[in-house]
1. Considering only protein heavy atoms, what is the solvent-accessible area of ASP37 at a probe of 1.4 Å, reported in Å² to the nearest 10?
2. Give me a comma-separated list of calculated 3J(HN,Hα) values for segment 49-62, in order, Karplus coefficients 6.51, -1.76, 1.60 applied at θ = phi - 60°, integers in Hz, x for any Gly or Pro.
3. Between GLU45 and ALA24, what is 0.36 nm times their sequence separation minus the Cα-Cα distance? Round to one decimal in nm.
4. At a probe size of 1.4 Å, how large is the accessible area of ILE7, to the nearest 10 Å²?
5. Accessible area of the chain with a 1.4 Å probe: how many percent of it is carbon plus sulfur?
6. Scale the Cα Rg of the chain by the rule-of-thumb value 2.2 N^0.38 Å and send over the ratio, two decimals.
7. Per residue, how many Å² of accessible area does the chain show with a 1.4 Å probe?
Amino acid sequence: MDTKSIIDSALDLTPAERLLIIEALSKSLSEPNLEIDKFWKDEVERRYTSYLEGKSKTIPYSEITQSPFRKHLFFKNDFST
C-alpha cells in the first residue's frame, strides 16, 4: 500500500480513529533513535577530549557578545536583539 492509499484510507475513518493514528505516529517520532544518540555521545566525547587536550580553539564569552554577528545569536535573558 502506498502513502496516498494510506492517507485516503485514514481520511475515511472517524475523527476518533484518526486521532488514534495521529497519537501513534506522534509517539513513534518521539522514540529515541539509538544510532543518533550514539553518534552525538561520541561527538560530545570527541569535542570534550579535544578541549581538554588544548586542541580546540576557544572563544571567550565576552568576545562573542561583542561580535558584529551578535544580532544573529541568542543569549539567555537577552531579548533585545
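1. For ASP37, the solvent-accessible surface is approximately 80 Å².
2. For segment 49-62, the Karplus curve yields 4, 4, 5, 4, 7, x, 8, 9, 7, 10, 10, x, 4, 4 Hz.
3. That works out to 4.2 nm of additional length.
4. Surface accessible to solvent at ILE7 totals approximately 90 Å².
5. Working: 4800 of 7780 Å².
Answer for the chain: carbon and sulfur cover 62 percent of the accessible area.
6. 1.97
7. Numbers: 7780 Å² over 81 residues.
For the chain, the solvent-accessible area averages 96 Å² per residue.
The values are calculated or read from the model by the stated rules, or taken from the named source; none is laboratory data. Being a predicted model, the structure only gives us computed values, none of them experimental. Just so you know, the surface numbers come from the protein's heavy atoms only, side chains and all, with ligands and any DNA or RNA stripped out. Shrake-Rupley method; radii C 1.70, N 1.55, O 1.52, S 1.80 Å.
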